[in-house]
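Every number here is computed from the coordinates shown, using simple stated rules; none is lab data. Bear in mind that the values here come from a model prediction, so they are computed numbers and not experimental data. Cβ: placed from backbone, ideal geometry, glycine included. Neighbour counts: every protein chain shown.
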Amino acid sequence: MTTEASQRHGRPTLAAVAARAGVSPSTASLAFSGAGPVSDATRTRVLAAAEELDYAGPDPRAQSLRRGRSGIIGVVMEDRLADAFRDPMNVAMLDGLADETGAAGAALLLLTETGSELANIASAPMDAVVLIGCSPSLEDIVAVLRQRGLPIVAVEARPMDAVLSIGLRNREGSALIARHLKELGHKRVAVASLPTERSRSARPLEADWADSATSEVAIQRLLGVEDVFGPVAGFVASTSSIDAGLEAGLALLADPATRPTGVIAQSDLLALGVIRAAEQLGLEVPGDLSVVGFDGARIDSAYDLTTMVQPAVEKGRAAGRAVVELLAGGTPKPVDFTSEFHLGDTSGPPG
């Protein structure tokens, strides 16, 4: 088949480029790779032939088979991607992760744990995996990945064998912001919690929540509040979103007789939803109700939220450095980050 004919029958081949340049296929391959004893004139001739045939280079699938690697790092997120990208913390962590993995020449493949995605996690072509989010189903995912023998980095997960942890001191941060409300004089405090277990059902926080909770982030942030106030009332949201926070807020504030004077939300999105609930009920923030969050997310709002600001981009970068080092055969160490308290205009003394 002539080189012109090969162009009419799908993707041009390296052999066609070699024939057009008048060199052997092995010489053409060396010209593309930049390795080996190929003269500048020969390389120029090969590249010119490739341009004439619209040949972009060796098939990356074949290259990955030869290397035994795909060049892809899987990123597993707990929510549907449409929901995950509404959370500024996820976007910031992905930015940091991409900074490091992109510099190492790796691509990211985004997966979720919802629906039938567990099957994709079991079969997707990837060399390593980063788990992002406070997943209540983490153990199932890790079990699948261990069967594949893939290096695993988890962001804010409980310590697990063969899983490199990038952590945040959630209990410490939650206790700090709870102490802020206590020092203001609040005694009736409630929590708008992230999902605590796999069902992700919106419901009141039960007194024995710790017996069934599997989400490490929610667990640690609840424990931080209890370190300051002891057992508290609360509502478990179905996800981290403003709508879920609105639902939680309406439930927590419905009864004036038991209404808290302060709500500790486990994310800034939940906190803004609680504020919307307060507004719907005719309550002023912070005059009638103090609301504090966690994350330090950049959200367009009329309020300057009192919150704990976490280093989301830095967490992503740390996860990226760790996974690159694991793939290179190194032994990175776990990293723990801390959050900083930010005093906004949503907290004050009880009315």
Enter the angle in degrees (range 0 to 90, nearest 10) between the Cα long axis of helix 242-253 and the first principal axis of the Cα atoms of the chain, meaning the one along which they spread out most.
20 degrees
So how far apart, in nm, are the two label points at ALA122 and ASP255 if each is 7 Å from Cα heading toward Cβ?
4.5 nm
Stretch GLU279-HIS342 to full length: gain in nm at 0.36 nm per residue minus the Cα-Cα span?
20.4 nm
Using only Cα atoms and rounding to the nearest 10 degrees, what angle (0 to 90) does helix 88-103 make with the longest principal axis of the chain?
30 degrees
Fully extended, how many nm does the chain gain between ASP211 and GLU172 (0.36 nm per residue separation, minus their Cα-Cα distance)?
11.9 nm
C-alpha long axis of helix 138-148 to longest principal axis of the chain, angle in °
20 degrees
The farthest towards the positive end of the charge dipole of the chain, of the residues PRO37, PRO88, LEU164, given +1 on Cβ of Lys and Arg and -1 on Cβ of Asp and Glu, is PRO37
Run the numbers on the chain and let me know its relative contact order in percent, using alpha-carbon pairs under 8 Å that are six or more apart.
17 percent
Among DSSP bridges having both ends in the range 170-310, what percentage is antiparallel? Round to the nearest 5.
15 percent
How many percent of DSSP beta bridges within the chain run antiparallel, rounded to 5?
15 percent
Separation of the LYS333 and VAL91 label points, Cα + 7 Å toward Cβ, nm:
3.5 nm
Can you pull the one-decimal nm distance between simple spin-label points at ARG198 and ALA302, each 7 Å off the Cα toward Cβ?
4.3 nm
Take the Cα atoms of the chain, find their three principal axes, and give me the spread along each one in whole Å, biggest first.
88, 40, 33
